[in-house]
Structure formats: structure tokens, C-alpha cells
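Working notes, structure below.
Values in this text are rule-based calculations from the coordinates and carry no lab data. The structure presented is a predicted model; accordingly, all values stated were derived computationally and were not measured. Every residue, glycine as well, gets a Cβ built from its backbone with ideal geometry; the counts of neighbours run over all protein chains shown.
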Amino acid sequence: MFEHDDPVLELTDEQCWKLLTNTRHGRIVLTAAGETDIFPINYLAHNNLLMMRSAPGTKLAEIAINENVLFETDGISSDEAWSVVIKGTARILQSGEEIAAAESLGLKTWIPTLKDFYIEVKPTRITGRHFILGQQPERF
């Protein structure tokens, strides 16, 4: 995937977005009223934003209280792994124009339930790492 000799490679923003664009599932972390929650969620990367869908419930309520979010997605194979983390702000799309534009992206729900609300995550920071997997080296 990425060529490097060190076991850990810090990814560029461009490399992170390539991974985000080719992946559909991650986890969003939300905090409200002193409680932190993490939810598995499917998403779509588009124009340096993440788009998600949700049904009414905890995710929407927590975003309405606190727009600051974390998002993480990763991949693991037999000899390599990677992780991308986004710190950013989330908002629930409100206007008919925004919702129509989001619907045109073709973001499908992960499970067969109605998810009529669209969430946009705008990154303020993106970091990523690629790992070559292996045993811990001998210390001595």
C-alpha cells in the first residue's frame, strides 16, 4: 500500500484522504453533558468533508449539544495496517438544497433502517499512520 522501511509511517493529508475515500465504515466519537459515546457509522468522503446519515436519536442530540467530534477509520491485513483520525466539527444539514446535494452523493445506509438526517463533518485536523506488522524486535 505504502512503501517505507520504518514500522510506522506518518501519512500526509493526501494519503489520508485517499484512504478515507476508499473506505466506507468508521467510528464517530461524540461528547455531551460530560458523557462520551462512540458509534460505528458508515460514511462517504467528498470534497474534504465526511458525510453520514442518521436516524433520530443519541447521535443527533449530541451533535446538537456539542459540534466537536472525533472520527476514526482503519484497515488491517496480515502484514500491514493503517489508521486515520479526524478532529473536526459536525453539523446536521438543514436546508433542502444541502440535503438534495447530500442525497445526490449516493450514500447508502449500513443497516436497513430509515436514516433521514445527514451529518457533515468538517475536519480541523487529520492524521494518519501506516504500520508494517511484525514481532517486537529483540531488546539486546
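What to note about this one:
- For HIS46, residues with placed amide H under 5 Å, excluding near neighbours: MET51
- Option label - Kirkwood radius over Cα pairs in Å computed here, alternatives [x] 17.2; [y] 15.6; [z] 16.3: [z]
- Each other residue within a Cβ distance under 14 Å of TYR43 adds +1 if Lys or Arg and -1 if Asp or Glu, for a net charge of +4.
- The modelled label-to-label distance between ALA32 and GLU98, using points 7 Å beyond Cα along the C-beta direction, is 1.6 nm.
- Selection of chymotrypsin sites (Phe, Trp or Tyr not before Pro), segment 18-123, meeting DSSP coil and at most 15 other Cβ within 10 Å: TRP110
- HN-Hα J in Hz across segment 45-54 - Karplus 6.51, -1.76, 1.60, θ = phi - 60°, x for Gly and Pro: 8, 8, 6, 6, 10, 10, 10, 9, 10, 8
- In range of the label at ARG129: residues from segment 1-20 whose backbone nitrogen is under 11 Å from the point 7 Å along Cα→Cβ: 7-11
- Phi-based couplings in Hz for segment 103-117 (Karplus 6.51, -1.76, 1.60; Gly and Pro marked x): 5, 5, 6, x, 5, 8, 6, 7, 10, x, 10, 6, 10, 8, 9
- Positive contributions from Lys and Arg (+1) and negative ones from Asp and Glu (-1), summed over other residues with Cβ under 12 Å from the Cβ of VAL8, come out at -3.
- Remark on TRP110: its backbone amide H falls under 5 Å from those of ASN42, a criterion applied only to residues 5 or more positions apart or on other chains, H modelled at 1.01 Å from N.
- Cα-based Lys proximity count in segment 8-132, under 17 Å, for pairs eight or more positions apart or on separate chains: 5
- Spin-label proximity, GLU72 to segment 31-61 - amide N less than 20 Å from point 7 Å beyond Cα toward beta carbon: 31-32, 34-45, 50-52, 59
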